[in-house]
1. What do you reckon, is B:C123 within 11 Å of B:V188 (Cβ to Cβ) and either more than 14 Å from chain A (Cβ to nearest Cβ) or not in a helix (DSSP H, G or I) (or both)?
2. So is A:T123 within 8 Å of chain B (Cβ to nearest Cβ), buried (at least 16 other Cβ atoms within 10 Å of the Cβ) and not in a helix (DSSP H, G or I) or not?
3. Go through (1) surrounded by fewer than 19 Cβ atoms within 10 Å (Cβ to Cβ); (2) outside any loop (DSSP other than H, G, I, E, B); (3) more than 14 Å from chain A (Cβ to nearest Cβ) for B:V129 and report which single condition fails.
4. Are there any pairs with C-beta distances below 6 angstrom linking a residue in the stretch A:61-88 that is facing chain B (nearest Cβ under 8 Å) to a residue that is assigned to a helix (DSSP H, G or I) and at pLDDT 90 or above, with the two at least 6 apart or on different chains, and if so which?
5. Would you be able to say whether some residue in the stretch A:101-113 is more than 13 Å from chain B (Cβ to nearest Cβ), over 15 Å from the mean Cα position of the chain (by Cα) and touching a residue at least 40 places away in the same chain (Cβ under 8 Å)?
6. Does B:G184 satisfy the condition of being more than 22 Å from A:I59 (Cα to Cα) and within 13 Å of chain A (Cβ to nearest Cβ)?
7. Consider B:C152 against the criteria (1) free of Cβ contacts under 8 Å to residues at least 24 places away in the same chain; (2) within 14 Å of chain A (Cβ to nearest Cβ): it satisfies all of them except one. Which criterion is unmet?
8. Write out, first by first residue and then by second, each pair whose Cβ atoms fall under 6 Å of each other, whose residues are 6+ apart or on separate chains, and whose first residue, in the stretch B:48-65, is over 15 Å from B:C211 (Cβ atoms) and touching a residue at least 60 places away in the same chain (Cβ under 8 Å) while the second is of a type in the set (G, A, S) and surrounded by 14 or more Cβ atoms within 10 Å (Cβ to Cβ).
Amino acid sequence: MARAVVLGSLISVGLAGALCALAVQAAGGSFVVPGSQAATLDSCVEETDFMRRNHMEVIKHQRDATVHSGIRSTKHSLSGCVECHASVGPDGAVVPVDAKGQFCHACHAFTAIGMNCFDCHATVPRHPDLERSDPAQAPLGSTLLETGAVASERGEGN
Amino acid sequence: MSKPKETINRGRRAFMGVAAGVTGVAVAPGVLLHTVVGAAPRSEPVTSAVRWGLLIDTARCADGCTACVTACNEENGLDLQVKPAGLSDEKWAQQRAVWIRKAKLQDNQTGRVTNLPLMCQHCERPPCVDVCPTGASFKRADGIVMVDRHTCIGCRYCMMACPYKARSFIHEKVDTQLTRAPRGKGCVESCNLCVHRRDQGEASTACVDACAREGSNAIVFGDLKDPNSQISQKLVSIASRQIREDLALNTGVRYANI
């Protein structure tokens with residue numbers, strides 16, 4: 001029954017590859033949240049098993065390369081994680097990745113490991129200038145999931 | 001700022017604040033846009049082949065104009081800061097993070113008033129880097145002085161060491177950040193010459209764009225090491241100075257007409 005509800009909601013938002021995500025859920029268990037970009041993809045930026053064990057090492061290495069050397073072209077950025085794993089709620093607003101039951105929170109709560117990433121980093125994709133211009137011209141890796149809710153959250157309201 | 005030449009004793013340098021009256025900053029609300037150039041994100045490490053810098057013509061900097069400050073606030077998410085409950089407006093004005101301050105200087109002898117934006121001066125030999133106990137305060141190969149907040153412990157030595165009062169400390173938990181500008185409680189931050197724009201290969205900074213939109217064109221951004229860049233050409237043709245040049249920090253931000 002629960003799966004039927006999940007399946008129904010996936011189809012209703014018209015996401016390609018939803019069936020594939022469901023198959024993964026049924027086969028091995030997945031914490032990828034329906035309604036996120038990640039749910040439409042076969043795997044993360046690396047193999048799923050690798051990411052489960054090593055995602056923290058990957059983003060830790062990337063952060064040094066980005067902060068000190070300015071490298072922002074690789075697929076291992078934390079903002080990339082957020083872009084892809086943030087889901088869109090029923091009200092059309094992007095749901096923070098560290099909100100209860102969301103991608104980051106789900107596993108980290110289960111394993112009782114705190115996260116400090118989001119003390120500083122945005123938990124939803126938030127690019128105010130891109131939101132007001134043509135999203136098709138957004139730079140690589142910064143595809144917008146949703147615009148209005150983020151803008152109104154900032155009190156801009158356009 | 002017009003002290004006689006002294007020999008610099010690097011061992012016992014006195015870190016002084018800017019020696020003129022610095023006025024508070026009035027931050028005006030407003031929405032500014034900048035166009036995103038379709039440039040590729042950087043894939044190679046930055047090198048010392050370039051050194052980014054600013055040249056600010058104070059004669060063109062209008063009294064009362066805060067366009068650069070507003071643009072900086074929006075570009076770097078500083079306008080998303082929220083005053084903690086129970087904190088007075090006065091304290092908040094002192095406490096909130098500010099990357100550019102609009103300063104008004106008056107020559108006590110002649111009464112001549114100069115307006116200028118004051119931000120991190122991106123020193124070649126930055127005192128903030130010297131004093132940082134963890135290595136969080138660092139100078140990037142391309143001359144940008146910044147804080148690695150992953151390593152910053154919030155001791156604020158750098159804030160005391162900076163002769164320009166350019167750095168801010170985030171005192172409270174931050175709930176809303178921009179993707180390009182992470183910000184959190186317990187870390188120091190300051191102007192990073194719009195480092196996200198540098199890494200995307202864009203041509204200017206938010207303050208430069210805003211100043212140009214106002215028609216003042218008081219700020220020029222560019223590569224100090226490229227003799228053909230606009231900033232280098234201008235530095236050759238007009239007289240410019242560093243603020244507190246007596247400290248011999250070789251700042252990346254230069255001022256004309258002061």
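1. No, not satisfied.
2. no
3. The failed condition is (3).
4. Listed by first residue and then by second, the contacts come to A:G70/B:D199; A:I71/A:A65; A:R72/A:T66; A:R72/B:D199.
5. no
6. Here the answer is no, as B:G184 does not meet what is asked.
7. (1)
8. Filtered contacts from the stretch B:48-65: B:S48/B:A141; B:R51/B:G143; B:W52/B:G143; B:G53/B:G252.
The values are calculated or read from the model by the stated rules, or taken from the named source; none is laboratory data. Worth saying up front: this structure is predicted, and the values here are computed from it rather than measured. Note that we place each Cβ from the backbone using ideal geometry, even for glycine, and neighbour counts take in every protein chain shown.
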